[in-house]
Amino acid sequence: SLPTGITIRQSYLESKSTSITPFMHSKVKLNLKVTVKDKYDKRKQVRALIPNLINYLDASSLSLLFEEFSNSYNNLVQFFSIHDCFGTTCDKVFSLKTTLASVYTDLYSSDPY
């Protein structure tokens with residue numbers, strides 16, 4: 001469960017490829033990829049874990065930052081975000097910086113992360 005309360009699951013399933021020739025008069029083959037719905041792709045699960053965790057934590061920090069920052073101005077604030085870059089109007093930059101430091105400290109000083 002993330003600090004925002006959202007529970008994340010990743011489900012990378014194995015797949016099998018098969019080739020079919022749909023027309024008897026043609027040599028054209030179609031390659032089909034069929035998902036095996038009851039078997040996880042362990043290799044993909046392991047490889048994706050850390051990048052997905054980092055993306056989820058980035059999303060959590062954005063959500064927590066926006067909530068805390070906008071609440072401090074009664075939801076009347078200009079807030080800009082592109083991925084993990086944040087901005088606001090000049091008169092609120094120091095407050096945004098302080099709030100971001102607080103969010104990061106709270107987020108990354110807890111035991112799970």
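The values are calculated or read from the model by the stated rules, or taken from the named source; none is laboratory data. Keep in mind that what you see is a predicted model, and the values were worked out from it rather than measured. Cβ atoms come from the backbone with ideal geometry, glycine included; neighbour counts cover every protein chain shown. SASA here: full protein model, heavy atoms, side chains in, ligands and nucleic acids out. Shrake-Rupley method; radii C 1.70, N 1.55, O 1.52, S 1.80 Å.
Entry comment: accessible area of region 13-109 is 78 Å² per residue, from protein heavy atoms only and a probe of 1.4 Å. Within the full protein context, the accessible area of Thr7 is estimated at about 100 Å² for a probe radius of 1.4 Å. Which lysines have a Cα lying under 25 Å from the Cα of Lys39, excluding residues fewer than 8 positions away in the same chain? The reachable lysines, counting only those whose Cα sits under 25 Å from Lys39, are Lys16. Once both labels are positioned 7 Å from their Cα atoms along Cα-to-Cβ, the gap between Val36 and Thr18 label points is 1.4 nm.
When Phe94, Phe86, Phe23, Phe69 are compared by accessible area of protein heavy atoms, the largest-first order is Phe94, Phe23, Phe86, Phe69, using a 1.4 Å probe. Could you tell me which of Ser60, Ser72, Thr88 has its Cα farthest along the dipole of the chain towards the positive end, charges placed at Cβ (Lys, Arg +1; Asp, Glu -1), taken about the Cα centre? The Cα lying farthest towards the positive end belongs to Ser60. GNM on the chain, alpha-carbon springs under 10 angstrom: the most fluctuating residue among Leu32, Leu76, Leu96 is Leu32.
Summing +1 for each Lys or Arg and -1 for each Asp or Glu among the other residues whose beta-carbon sits under 13 angstrom from that of Thr21 gives +2. Under a cut-off of 13 Å between alpha-carbon atoms, report the aspartates and glutamates in cross-link reach of Lys44, not counting same-chain residues fewer than 8 places apart. The reachable aspartates and glutamates, counting only those whose Cα sits under 13 Å from Lys44, are Glu14. Each label was represented as a point 7 Å from its Cα along the Cα-to-Cβ direction; for Phe79 and Lys97 these points are 1.9 nm apart.
Taking all protein chains together and rolling a 1.4 Å probe, His83 ends up with roughly 120 Å² accessible.
Across region 13-109, Cα pairs under 8 Å and at least six residues apart give a relative contact order of 18 percent.
In the assembled protein chains, Asp91 presents an accessible area of approximately 120 Å² (probe radius 1.4 Å). For region 13-109, a/c is not less than 1.5, where a ≥ b ≥ c are the root eigenvalues of the C-alpha gyration tensor, and a/b tops b/c. That puts it in the prolate class. Expressed as a whole percent, the accessible area of the chain that falls on carbon and sulfur atoms is 58 (1.4 Å probe).
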